[in-house]
Each structure stands twice: as structure tokens, then as C-alpha cells.
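Data first, discussion second: the structure below is written as C-alpha cells.
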Amino acid sequence: MSAAEEMKSVKDLVSAEEWALRVDLAATYRLIAMYGWDDMIFTHISVRVPGPEHHFLINPYGMLFEEITASSLVKIDLEGNIVMDSPYFVNPAGFTIHSAIHSAREDAQCVLHVHTDDGVAVSAQKDGLLPISQPSMLVIPNLAYHDYEGVALNLDERERLINDIGDKKLLMLRNHGTLAVGENCALAFVAIYFLERACTAQVRAQVAELNMPSKEALATTEAQSSTLFTSGVDMLAWPALLRKLDRLDPSFRD
């Protein structure tokens, strides 16, 4: 029996609002695994729990994303300390990036960070993400960059992270990976989906000479980009994604 299967449900121990967030966050972890964007037990997706305490839900360290359930998520504070009884533990050092953005951005209810092959590859390129595909043109207006400073263990880096992301929804962590923020899990997932699609398209397209779109096309697409980061897209795409997860394995709801 897996650790996830041994976990008792916490549904009756938390508010209905927190339980709904737990289900959505567990679904997000499963979706990242389904799309092949997970990195074994590493990287994190975090969600803020409603209330003045600044508590968050995050993955239990050592559990694969495909195993995570609503009940196995761990509740922590801004320093990564566990604030609700759990048989699991977390990697506080891995929360450095998340705590910085959560503390500075009220709209960053969900912070999603991954280390995909294509995302890392583009993050290591001098010119970053190029406007060579429709997904890239849609995300570039909301994309910021943060230079690599080593493994994110230094709390001093948090201020620079906050300054670099500013009010953007997406962050390219140079030589490291990609990150998205959203008012909910759905919006953060849709944002990272398009960023990752853009990175994959770029890596594949670079085997040949690139065709660059016109300035007019770039301007038009930039004007249309805000639709990716507003409610509406999440209300359509998210229920469809949850239905897919339910068909494949509904245990994320446990």
C-alpha cells in the first residue's frame, strides 16, 4: 500500500473552502504529471489557504506528483513550518521561491514551478522566449526573467525574485525552469500550459531557419494575450481537465 493510500481523509478537519482548494491543488499536481512536466519528487505547486494566517498547501516531500491527494497535501506557514498534523514532511528550502511571491502578490494565490526539459532549455538561451509561435506571442507580454543565483536556498534572493516578477503572471528562471502565478489553480495551470507549449515549439523549431511574424501580427497577438490570464478560460478548460482526471484516476479527490 502506498503512502497516499494509507493517508486518512482530512475532509472533516478543514473548511469546505479549504477542501475545495485541496482537491484543485491535488488535481494540478496530477495534471503536471500527466503532461510529463514533473521532476520526480522535486519542484512545488502551492496554494494559499483563505484567512489572515498566511497558510499554504504544498506537496509532501518524497511523494510523486501522480500520487498526491487532497488529504496528503501539507499545510505550512510562510517559513515552511507545518501547522497542521500530518504524517508527511516538506522541503522548506524548496518553498523559498514560493514564499517570496506569495508574500508580495495578493493575486498569487497559486504559485506553480516546474523544471521541464524544454523550459530549462529556453531559460538557458540568451534571447529567452522568442515570438515564433502563437503560444509564445500570447505569453511574452506577461513574461518576466530572473537570473540564476544557484539552488534557491538563500532567503536574500526573495527580494530580487519579487522585483523581477513585478506584476507579471509568468517568470522564466534563467538556467532553472518556469513559473506561473494565478488567482486559482486553474489560471496558473493554463498559464504554464501555454508557456510550456511555447518552449517546446521553440526548441523544435530551432532545427531550421526561423520564420518571424510581422510586427503587425505581433502587435495584434499581444493585444489579445490578456484573455489567457482572466477568468473565463479557466471556467471552460478546468472542468474539462478535471473530467479527464476523473476518467483516468479520481483518487486525487481523496
Among what's in region 105-122 and is under 15 Å from CYS199 (Cα atoms), in contact with a Gly (Cβ under 9 Å, 6 or more places away or on another chain) and aliphatic (A, V, I, L, M), pick the residue that is surrounded by the fewest Cβ atoms within 10 Å (Cβ to Cβ).
-> VAL120
Residue tally, condition assigned to a helix (DSSP H, G or I), among the aliphatic types (A, V, I, L, M) and crowded, with 18+ Cβ neighbours inside 10 Å, over region 138-175 | 5
Filter result for VAL203 (surrounded by fewer than 21 Cβ atoms within 10 Å (Cβ to Cβ), within 30 Å of ALA240 (Cβ to Cβ), more than 19 Å from the chain's Cα centre (by Cα) and among the β-branched types (Val, Ile, Thr)) | yes
So which residues in region 197-212 are in contact (Cβ under 8 Å) with a residue 12 or more places away in the chain, not small (Gly, Ala, Ser) and not in a loop (DSSP other than H, G, I, E, B), if there are any at all?
-> ARG197, CYS199, THR200, GLN202, VAL203
Region 88-130 - residue that is of a type in the set (Gly, Ala, Ser) and assigned to a loop (DSSP other than H, G, I, E, B) and, of those, modelled with the lowest pLDDT = ALA108
Single residue of region 213-254 satisfying the filter (at pLDDT 90 or above and either assigned to a loop (DSSP other than H, G, I, E, B) or polar (S, T, N, Q) (or both)) that is nearest to PHE194 (Cα to Cα) = PRO213
Output the number of residues of region 44-71 satisfying the condition of being of a type in the set (A, V, I, L, M) and not in a loop (DSSP other than H, G, I, E, B).
-> 4
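The values are calculated or read from the model by the stated rules, or taken from the named source; none is laboratory data. The structure displayed is predicted, hence computed values, not measured ones. All Cβ positions, glycine included, derive from the backbone under ideal geometry; neighbour counts span all protein chains shown.
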